[in-house]
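Heads up: the structure comes next, in structure tokens.
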Amino acid sequence: MNQSVIGMNKTRDFFSMKKDSPLIMKEFGFYSMDRWAKEGHIDKQRLKDPQYLRDLFGFDAPGEASLNSLGWCEAAFYPEFEVKVIEDRGKYELVQDHAGRYVLYFKGRRDGFMPEYVDHPVKDMDTWKANCEWRMDPLAPGRENLLKNDLSRAKKARDQGMFITQRVIGGYMYLRSLMGPEKVLYMFYDDPDLVHACMRKWFELADYVTAYFQKDITIEQLFLAEDICYNHGLLISPDMMREFLFPYYKQLIENMKKRQPDRSKHMFIQIDTDGFAEPSIDIYKEIGMDIMSPFEVASGCDVLRTAEKYPDLRMTGGMDKQVLATTKENIDKMVDRICPAMKKRGGYIPTCDHGVPEEVSFENYMHFRKRLLEYSV
């Protein structure tokens with residue numbers, strides 16, 4: 001069977017939670033490529049070719065295509081902020097990034113580690129209006145060209161039978177990117193009007209963009225990048241979620257469902273959050289969440305425990321990145337513990353619980369992929 005058809009069939013089986021169906025072979029992401037390239041295991045020049053990693057690691061051809069015009073870890077600004085070096089600090093440099101944050105990086109390096117965020121563009125209503133509000137304008141000159149390109153690509157994927165997902169930065173991740181992880185927590189108390197002003201603009205843009213796409217495309221999944229948990233649970237209370245996030249989510253979801261060209265299709269809702277996510281599941285079910293990822297093991301997540309408690313929840317992730325850096329025997333124990341039960345259950349995609357870290361050897365990762373392939377048929 002054609003590999004693209006296999007990928008599409010596996011995707012449909014995942015969303016329908018078909019029991020004992022072959023598991024999708026894919027990965028969350030990588031922080032290990034520089035190491036593997038230096039050691040001669042991969043050709044970095046070929047990483048832009050998606051078929052290269054499929055062949056190398058046994059990944060499936062994609063059965064899903066994403067609309068990407070609504071941000072992910074940062075707001076969907078148009079135009080984005082100018083990326084520029086603000087200050088040279090010897091081994092480090094202070095940089096204004098595309099989201100308007102001042103970020104301390106190692107000199108000459110922009111990824112593969114957690115940067116230090118020094119400042120953020122929104123401090124009050126004045127800075128919100130001056131720095132960011134106008135960048136969220138749905139009718140900003142030039143934005144429509146981005147939407148046209150995204151739509152054209154999605155229509156081709158739809159015509160091939162792919163599952164269509166709308167990715168969007170979630171409200172908490174969005175507010176955090178504007179104000180900073182500490183400052184935003186104070187703002188819920190000190191300036192709720194500012195928080196609501198930011199969220200109204202989030203909704204205005206998301207509603208406009210999804211309506212634009214839905215003239216031609218049935219969106220089958222709304223995927224929110226949230227990162228609202230840490231290693232002990234939620235970063236804000238359920239009441240805060242209901243006050244500051246859910247009114248905008250519910251209105252967007254209601255509007256999208258009404259606009260669907262094919263209303264017979266269920267629109268799935270996925271939440272992505274790092275940290276100990278289990279306490280958030282019942283809360284997100286209030287907006288109709290169907291899927292969650294990536295179940296970070298170091299924070300206490302366990303996909304088997306969650307699967308037993310929530311038999312209708314589809315899950316992605318849950319493979320401990322720390323275990324991948326130890327021994328093949330430990331990798332075997334992890335795979336043998338999780339995959340048989342989750343394959344039998346259905347609705348599971350085995351990926352690392354975040355990007356594969358630099359500490360993971362190529363040999364260990366190839367062993368991990370080889371073991372997962374046993375569950376791909």
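Looking at the structure I just gave you, is M199 of a type in the set (A, V, I, L, M, F, W, C) and either surrounded by fewer than 22 Cβ atoms within 10 Å (Cβ to Cβ) or in contact (Cβ under 8 Å) with a residue 60 or more places away in the chain (or both)? Don't jump to the end; show me each part of the working.
Values: of a type in the set (A, V, I, L, M, F, W, C): yes; either surrounded by fewer than 22 Cβ atoms within 10 Å (Cβ to Cβ) or in contact (Cβ under 8 Å) with a residue 60 or more places away in the chain (or both): yes.
Criteria met by M199.
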| Taking the stated definitions as given, is D207 under 18 Å from E74 (Cα atoms), surrounded by fewer than 20 Cβ atoms within 10 Å (Cβ to Cβ) and not basic (K, R)? | yes
| query | Which condition number in (1) part of a loop (DSSP other than H, G, I, E, B); (2) touching a strand residue (DSSP E or B) at 6+ places or on another chain (Cβ under 9 Å); (3) loosely packed, with under 14 Cβ neighbours inside 10 Å is the one that P181 fails? | reply | (3)
| remark: Checked the range 349-369 for anything over 22 Å from D274 (Cα atoms) and polar (S, T, N, Q); matches are S361, N364
| said: Looking at L304, L324, L313, can you tell me which residue is farther than 19 Å from L372 by Cβ, in the same structural domain as R369 (by TED's automatic domain parsing) and modelled with pLDDT of 95 or more? | reply: L313
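Taking the range 242-272 as the region of interest, how many residues are touching a Gly at 6+ places or on another chain (Cβ under 8 Å) and not in a helix (DSSP H, G or I)? Please lay out each step first, then the result.
Within the range 242-272, the first condition is being touching a Gly at 6+ places or on another chain (Cβ under 8 Å), and the residues that meet it are 244-245, 248-249, 253, 269, 271-272.
Next cut, not in a helix (DSSP H, G or I) only: 269, 271-272.
Qualifying residue count, the range 242-272: 3.
Please indicate, with yes or no, whether at least one residue in the range 225-238 is assigned to a helix (DSSP H, G or I) and either touching a residue at least 24 places away in the same chain (Cβ under 8 Å) or not assigned by TED's automatic domain parsing to the domain that holds E286 (or both).
Pass one, the range 225-238, residues assigned to a helix (DSSP H, G or I): 238.
Filter once more, so that each one left must be either touching a residue at least 24 places away in the same chain (Cβ under 8 Å) or not assigned by TED's automatic domain parsing to the domain that holds E286 (or both): 238.
Among the residues of the range 225-238, at least one is assigned to a helix (DSSP H, G or I) and either touching a residue at least 24 places away in the same chain (Cβ under 8 Å) or not assigned by TED's automatic domain parsing to the domain that holds E286 (or both), which makes the answer yes.
Could you please let me know if R167 is surrounded by 15 or more Cβ atoms within 10 Å (Cβ to Cβ) and farther than 30 Å from L235 by Cβ?
Working: surrounded by 15 or more Cβ atoms within 10 Å (Cβ to Cβ): yes; farther than 30 Å from L235 by Cβ: no.
In short, no.
Could you check, for the range 70-85, whether at least one of its residues is assigned to a strand (DSSP E or B), over 24 Å from E358 (Cβ atoms), among the aliphatic types (A, V, I, L, M) and free of Cβ contacts under 8 Å to residues at least 40 places away in the same chain? Working first, answer last.
So in the range 70-85, the residues assigned to a strand (DSSP E or B) come out as 70, 84-85.
Next, from what is left, pick out any that are over 24 Å from E358 (Cβ atoms): 70, 84-85.
Filter once more, keeping what is among the aliphatic types (A, V, I, L, M): 70, 85.
Those still in the list that are free of Cβ contacts under 8 Å to residues at least 40 places away in the same chain too: 85.
Scanning the range 70-85, I find at least one residue that is assigned to a strand (DSSP E or B), over 24 Å from E358 (Cβ atoms), among the aliphatic types (A, V, I, L, M) and free of Cβ contacts under 8 Å to residues at least 40 places away in the same chain, so the answer is yes.
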| query | M187 fails exactly one of the following numbered conditions: (1) buried (at least 19 other Cβ atoms within 10 Å of the Cβ); (2) in contact (Cβ under 8 Å) with a residue 24 or more places away in the chain. What is the number of that condition? | reply | (2)
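Restricting to the range 63-84, name every residue that is touching a His at 6+ places or on another chain (Cβ under 9 Å) and either surrounded by fewer than 19 Cβ atoms within 10 Å (Cβ to Cβ) or of a type in the set (G, A, S) (or both).
Pass one, the range 63-84, residues touching a His at 6+ places or on another chain (Cβ under 9 Å): 74, 77, 80-83.
Residues satisfying the conditions are E80, F81, E82, V83.
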| remark: Contact list, first residue from the range 124-147 and in contact (Cβ under 8 Å) with a residue 12 or more places away in the chain, second anywhere and of a type in the set (S, T, N, Q) and surrounded by 16 or more Cβ atoms within 10 Å (Cβ to Cβ), beta-carbon distance below 7 Å, six or more apart or interchain, is L146/S69; L147/S69
| query | Can you find a residue in the range 103-126 that is in contact with a Ser or Thr (Cβ under 6 Å, 6 or more places away or on another chain) and assigned to a loop (DSSP other than H, G, I, E, B)? | reply | no
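Please state which one of I338, I291, I349 is in contact with a Phe, Trp or Tyr (Cβ under 8 Å, 6 or more places away or on another chain), more than 30 Å from F244 (Cα to Cα) and touching a residue at least 24 places away in the same chain (Cβ under 8 Å).
Values: I338 fails: in contact with a Phe, Trp or Tyr (Cβ under 8 Å, 6 or more places away or on another chain); I291 fails: more than 30 Å from F244 (Cα to Cα).
Step by step, each of I338, I291, I349 is checked, and only I349 is in contact with a Phe, Trp or Tyr (Cβ under 8 Å, 6 or more places away or on another chain), more than 30 Å from F244 (Cα to Cα) and touching a residue at least 24 places away in the same chain (Cβ under 8 Å).
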| message | Checking the conditions here, which among M162, M199, M256 is in the same structural domain as G300 (by TED's automatic domain parsing), closer than 24 Å to N131 by Cβ and not small (G, A, S)? | response | M199
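Looking for whichever is of a type in the set (D, E, K, R) and either surrounded by 19 or more Cβ atoms within 10 Å (Cβ to Cβ) or closer than 20 Å to G71 by Cβ (or both) here; the options are E226, E254, E243. Which one fits? Outline the logic, then answer.
On the way: E254 fails: either surrounded by 19 or more Cβ atoms within 10 Å (Cβ to Cβ) or closer than 20 Å to G71 by Cβ (or both); E243 fails: either surrounded by 19 or more Cβ atoms within 10 Å (Cβ to Cβ) or closer than 20 Å to G71 by Cβ (or both).
The unique qualifying residue is E226.
Table: residues versus (1) aliphatic (A, V, I, L, M); (2) over 29 Å from K183 (Cα atoms).
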| position | (1), (2) |
| --- | --- |
| D272 | no, no |
| M292 | yes, no |
| C301 | no, no |
| R314 | no, yes |
| message | Just to be sure I understand, how many residues within the range 165-176 are assigned to a helix (DSSP H, G or I) and either outside the structural domain of I271 (by TED's automatic domain parsing) or of a type in the set (K, R) (or both)? | response | 1
| Of all residues in the range 1-41 being part of a helix (DSSP H, G or I) and among the aromatic types (F, W, Y), which is nearest to E358 (Cα to Cα)? | W36
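The values are calculated or read from the model by the stated rules, or taken from the named source; none is laboratory data. Treat the numbers as computed from the prediction; the structure is a model and nothing was measured. As a convention, Cβ positions derive from the backbone with ideal geometry for all residues, glycine included, and neighbour counts pool all protein chains shown.
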